[in-house]
1. Tally the residues that are of a type in the set (Val, Ile, Thr) and either under 12 Å from His262 (Cα atoms) or loosely packed, with under 14 Cβ neighbours inside 10 Å (or both), restricting the search to region 203-242.
2. Among (1) farther than 30 Å from Pro37 by Cα; (2) of a type outside the set (Gly, Ala, Ser); (3) more than 8 Å from ligand 1 (Cβ to nearest atom); (4) in contact with a helix residue (DSSP H, G or I) (Cβ under 7 Å, 6 or more places away or on another chain), which single condition is Lys180 missing?
3. Can you report the number of residues in region 85-120 which are crowded, with 21+ Cβ neighbours inside 10 Å and away from ligand 2 (no atom under 13 Å from the Cβ)?
4. Got a sec? Which helices (runs of 4 or more DSSP H) wholly within region 198-302 have at least 2 residues that are away from ligand 4 (no atom under 16 Å from the Cβ) and either of a type in the set (A, V, I, L, M, F, W, C) or closer than 30 Å to Gly73 by Cα (or both)?
5. Consider region 282-316. How many of its residues are within 16 Å of ligand 2 (Cβ to nearest atom) and crowded, with 17+ Cβ neighbours inside 10 Å?
6. Do we have any residue at all in region 165-183 that's of a type in the set (Lys, Arg), assigned to a helix (DSSP H, G or I) and either outside the structural domain of Ser272 (by TED's automatic domain parsing) or more than 14 Å from the chain's Cα centre (by Cα) (or both)?
7. Select from region 131-173 the residues that are without any contact (Cβ under 8 Å) to a residue 60 or more places away in the chain and farther than 26 Å from Leu86 by Cβ and write down the one among them that is surrounded by the most Cβ atoms within 10 Å (Cβ to Cβ).
8. Of the residues that sit in region 49-84 and are crowded, with 17+ Cβ neighbours inside 10 Å and either within 12 Å of ligand 2 (Cβ to nearest atom) or free of Cβ contacts under 8 Å to residues at least 60 places away in the same chain (or both), which one is farthest from Arg149 (Cα to Cα)?
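The values are calculated or read from the model by the stated rules, or taken from the named source; none is laboratory data. The shown structure was predicted, so the numbers you read here are calculated from the model rather than taken from an experiment. Cβ placement follows ideal geometry from the backbone for every residue including glycine, while neighbour counts extend to all protein chains displayed.
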Amino acid sequence: MTSLPNLKLIITLWLFSCFVGIGSAELDPNFYLTTCPLALATIKTAVTTAVLEERRLGASLLRLHFHDCFVQGCDASVLLNDTDTLTGEKTAFPNANSLRGFNVIDNIKSKLETLCVGVVSCADILAVAARDSVVALGGPTWTVGLGRRDSTTASLTAANSDLPAPFLDLDDLITAFSKKNFTADELVALSGAHTIGKARCTTFRSRIYNESNIDSSFAKSLQASCPSAGADDKLSPLDSTTENIFDNAYFKNLENKAGLLHSDQQLFNGGSTNSLVQTYISDPLKFKKDFANAMIKMGNLSPLTGNEGQIRTKCYQVN
Ligand code: HEM
Ligand SMILES: *[C@@H]1O[C@H](CO)[C@@H](O)[C@H](O)[C@H]1NC(C)=O
Ligand SMILES: *[C@@H]1O[C@H](CO)[C@@H](O)[C@H](O)[C@H]1NC(C)=O
Ligand SMILES: *[C@@H]1O[C@H](CO)[C@@H](O)[C@H](O)[C@H]1NC(C)=O
């Protein structure tokens, strides 16, 4: 009988730690279960509707989450507009004239603010919308941990330094991703996101006119819409075979020297990542599994939790 009080004490401490969350700032898939039970369904409906209207929006929403997480962590800093007192990230070189999908996020946010005031963060909306986008285009699903909070700051400098440029060679891509604790294998898996969406002429012009590791008829067909000067914003699909389907065609293109960006083709150019590209060609399920796991890891990049940051009322401005 002497052990009974101890057992009670242990159970009490355990219950206490569950509710207070001692020693952990981990994200929790059930974070909104009682505080906003319709949050996930609301986001899914809005994303699915948007993607049905315009398939590319799925790609744009996936990229928003990436550009959020690589800069100060997944804190919705990417969504903040410039004001007199805050410099946002939207004018950074990788973002300007390029990021899109902001309206979808703003619309989701206003629906959620009607449903449950001040509860669901913009950073969580980005993470869930990215997952729902991939699913809507035929890709894998994964469980999104929740409970991120929104930043009150942004960093134009970090956006310019931490987001990889399409002109990087393999070594520099590996370094850029290792700074965020990703392996070279995870770089390859995550780059598979370029199985959907589009890029502007200015991001691949030097590749299609000057590089030799490119299929010549592929290069020619791109040159028709992307002139050697001007028309910077002319779009071409990142995956020339199935631009709206989340499949492994991106990797098949690389094997055929038909990667659109210099950085894409770097993953299959005789270097250390060649073999994983081939694995993803022969084993599409492994690609989807690895991609999903790497997305979970990306979504865990230094989130604000607990009392840190805030829950923004509007995603484009600090409260
Ligand atoms: C490996 C380094 C990466 C580089 C150098 C890179 C670079 C780029 C560039 C230059 C574009 C076209 C932007 C434009 O023309 O305006 C683009 C588009 C895109 N990127 Fe990446 N990216 C990388 C990794 C990723 C990752 C990790 C993801 C997501 C997990 C991602 C998702 C996308 C998507 C979905 C698009 C198409 C967006 C749209 O159509 O709106 N990228 N990327
Ligand atoms: C925020 O900035 C974007 C351009 O980045 C602009 O289109 C939008 O109207 C701005 N939103 C508000 C509410 O000022
Ligand atoms: C990478 O891991 C190290 C060691 O665990 C940690 O200190 C650092 O904050 C991590 N970097 C990011 C961007 O999460
Ligand atoms: C191709 O490379 C040459 C020599 O480096 C450069 O002058 C030219 O501007 C490049 N062309 C394009 C379209 O990038």
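1. 3
2. Among (1) farther than 30 Å from Pro37 by Cα; (2) of a type outside the set (Gly, Ala, Ser); (3) more than 8 Å from ligand 1 (Cβ to nearest atom); (4) in contact with a helix residue (DSSP H, G or I) (Cβ under 7 Å, 6 or more places away or on another chain), the lone unmet condition for Lys180 is (4).
3. So the answer is 4.
4. Numbers: elements: 201-210, 216-225, 249-255, 262-266, 274-282, 284-299.
Where helices (runs of 4 or more DSSP H) fall fully within region 198-302 and carry at least 2 residues being away from ligand 4 (no atom under 16 Å from the Cβ) and either of a type in the set (A, V, I, L, M, F, W, C) or closer than 30 Å to Gly73 by Cα (or both), they are 249-255, 262-266, 274-282, 284-299.
5. Residues meeting the conditions: 3.
6. no
7. First, the residues of region 131-173 that are without any contact (Cβ under 8 Å) to a residue 60 or more places away in the chain: 135, 157, 161, 171-172.
So of that shortlist, the ones also farther than 26 Å from Leu86 by Cβ come out as 135, 171-172.
Values: Val135: 18, Asp171: 12, Asp172: 14.
Here the answer is Val135.
8. The residue in question is Ala50.
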